[in-house]
Amino acid sequence: MFDDGPAPAAVLAFSSDEREPLQALVRDGAFRQWAVQLPQDLCAGVSMSFDLFRTFPFPIAGSDSIMPRTAGLSFLVRYYGPMPDVAGFQNFYTNNHPPILGRLPAIRNVFCYLPENFDLNALQRSKVMLINEVVFDDLKSLNRALDSDVVPALRADSVRFPPFGHSTHHAMIRETLFSKAAD
């Protein structure tokens, strides 16, 4: 349905409610060495990029509360520049698209990620201007959603988006590798 580029080999997300632990991570010499060396160790042509995103959860239809992300399959859409008006695109998108996404059958979560100004200490940025994530229990549920009568409404909304460069669509299995509760 979306033949818009190869999927990333992996997406690593480091999450924190505070900025300082993430800033300390990108300043850490061992992390920086790992970030530079890992692509070389994997294979030719592999690269890594970094960004700090603020996460915005949205309710799904029929629910007034935001459910925790527990389902294992995510469908990510990344929006890249150039964008003549980045804030205008982000505002239009977050005000219009998530409520429609929340009507997809069997959806568990809707999230948008907006990049933050963050000193990455010379690590390469991804150039992503907005990420949308919709979460499902499994691939069967995602495919059911993509075959639903909500998809025409999503397409109709997308033609109203302010100008942007391009987007990519990829499903991925989400797995928590490590979690540390705040002290």
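Overview of values
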| quantity | calculated |
| --- | --- |
| Acute angle (nearest 10 degrees) that the helix 86-101 long axis makes with the longest principal axis of the chain, alpha-carbon atoms | 50 degrees |
| Shape of the range 77-183, Cα gyration tensor, a/c cut at 1.5 | oblate |
| Length added when fully stretched, residue 118-residue 15, from 0.36 nm per residue minus Cα-Cα | 35.7 nm |
| Cα long-axis angle, helix 29-42 against the chain (0 to 90 degrees, to the nearest 10) | 70 degrees |
| Sequence of 164, 178 when ordered by accessible area, the most exposed leading, probe 1.4 angstrom | 178, 164 |
| Assigned charges on the beta-carbon of Lys, Arg, Asp, Glu; the chain dipole about Cα centre (debye) | 180 debye |
| Proportion of all alpha-carbon pairs of the chain beyond 27 Å (%) | 31 percent |
| Equivalent ellipsoid dimensions for the range 126-181 as semi-axes, Å, which come from the Cα gyration tensor, largest first | 25, 20, 9 |
| Centre separation in Å (Cα based) which lies between the range 27-81 and the range 112-183 | 9 Å |
| For residue 171, residues with placed amide H under 5 Å, excluding near neighbours | 76 |
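The values are calculated or read from the model by the stated rules, or taken from the named source; none is laboratory data. This structure is a prediction, so every number in the text was calculated from the model and none was measured. Cβ sites come from the backbone with ideal geometry, for glycine too, and all protein chains shown count toward neighbours. Note: accessible area is taken over every heavy atom of the protein model, side chains too, but ligands, DNA and RNA are not part of it. Shrake-Rupley method; radii C 1.70, N 1.55, O 1.52, S 1.80 Å.
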